[in-house]
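One structure is given here, and the rest of the page talks about it.
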Amino acid sequence: MTFTASELAAEAGVRKHGASFLRSAAKALTPVADWRRGWRIISEAFAGAWQRNIEEKRGDLTCYPTLYACLNRIATDIGKLPFQLKELDSNGIWKVNKSNTAFWPVLRKPNGFQTQQQFREAWILSKLLDGNTYVLKERDNRGVVVRLYVLDPCRVTPLIADSGAIYYQINYPTAQNLLPAGYPAEQLTVPARDIIHDRLNCFHHQLLGVPPLCAAALAAGKNLKILRNASAYFANGANPGGLLTAPAGMSEDDSDAVKKYWQEEFQGANSGKVALIGADMKFTPFAFKSSDSQLVEQLRYSDEQICQPFGIPPFKIGIGSIPAGMKVDDLNQLYYSDALQGHIEAMESLLDEGLGVTTNTEGNLLGIECDLWPLLRMDAGKQAEIETKLTGGGVKTPNEARLAFELDPLEGGDTVYMQQQDFPLDQVRKNRIEPAAGPTPPEDEEPLSDDEMDDEMEAEGQQA
């Protein structure tokens, strides 16, 4: 990474004076306006909500089942894809590198309190909920990154210097400090080289992402209100429900007593009991018609709207039915390309840059990838069918196919085998099979003349 003169001066000041230098230098930095505070509060849940001080908080919205399922599905599916450090060999093939010890430790254990699966889940959840993921890097004396910490995006503010350099202001109180020991538990400013910043859909500023939560907030808020109202109705509604009518002349005290008796005896847990009515009283029931409110259709329509910003097919979280005519492999590929691939590619590229993964000691290119096998794995029968075709077609060796089933290699299994009757394509295209190359036959001798034949016969007679 290239630094300007002012950035280099700032770096030198940090090494000499520590975080206090950055705190004093932060006065010359301009914070990037956090538009709507990263969508942490949806102020306009409906028209006029802001004037009435009615808001939908993120904590309530994420408890809605469909929205929770979208967040959980994407985060857990990416979380189960292990990191792999690969190198590009001389044949142009990316293979897993197991000898480079500088990058493997931080990939296997990003920090002291998270596994690599929890680290990936925290990365993706921060990006989906706030549109931004901030990962703080801790280095050793060699300058190699040895720890990675996913920060709370609510406590990080991007800063821009007059020279155009990027810095990040971190605010962590003592009680919630999860940073390494070298960082004070207070406000500090670090250069961009110490932060991995992943952002999604920078609609308003290139340093501020907008999460899919903002697009799903209204639909989730509407369905959340429907569920709350339905829960209150079925919890408090009396059954049978309707109108009690009595003959004229009934006193107010008597009507209050009948009303109280009716509510206590036939409401809540007592719903459905048999009611006895005397004194010529009549009860007119009111039937609730689901077709009037169409709750089921409203809920399903809003659930599908929630799935759209996340790119998740509704059937993946139990909404609707699986499309007809599509196989399981096709469905998984659809889900991967629409909902996961963009996040995975961004994580791989940012880790390559953030960890300084370039080349190894042999000069081969290195790169970090997420292993897709746990996500796109097939059933044993389908996998066996594919491996058999690849082996029979000369694409894989038998041992490579056995490795997919975690079986030990066999002697002679590292060779690609083909059938004997197979011929090169250039000969088949000409509709002619050339004979195999063999020993060159002797050239035909010239015929002998009459005198030479007589001399040869005479010599043979003398020998006899």
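The values are calculated or read from the model by the stated rules, or taken from the named source; none is laboratory data. Quick caveat: nothing in here was measured; it's all calculated off a predicted structure. Neighbour counts run over all protein chains shown; Cβ positions are idealised from the backbone, glycine included.
What to note about this one:
- Meets criteria (of a type outside the set (S, T, N, Q), at pLDDT 90 or above and out of contact with any Lys or Arg (no Cβ under 6 Å at 6 or more places or on another chain)) for G354: yes
- Scan of segment 84-113 for residues that are buried (at least 18 other Cβ atoms within 10 Å of the Cβ) and without any contact (Cβ under 8 Å) to a residue 40 or more places away in the chain, ordered by number: P110, N111
- Here N360 passes the criteria (1) surrounded by 14 or more Cβ atoms within 10 Å (Cβ to Cβ); (2) modelled with pLDDT of 80 or more except the one numbered (2).
- Flag: P314 matches the condition of being surrounded by 11 or more Cβ atoms within 10 Å (Cβ to Cβ) and at pLDDT 85 or above.
- In segment 407-417 there is no residue that is of a type outside the set (F, W, Y), surrounded by 11 or more Cβ atoms within 10 Å (Cβ to Cβ), under 25 Å from D330 (Cα atoms) and at pLDDT 70 or above.
- Filter pass, E369 being of a type outside the set (G, A, S) and on the phi > 0 side of the Ramachandran plot: no
- Residue that is surrounded by the fewest Cβ atoms within 10 Å (Cβ to Cβ) [pool: residues in segment 119-147 that are without any contact (Cβ under 8 Å) to a residue 60 or more places away in the chain, in contact with a strand residue (DSSP E or B) (Cβ under 9 Å, 6 or more places away or on another chain) and not hydrophobic (A, V, I, L, M, F, W, C)]: D140
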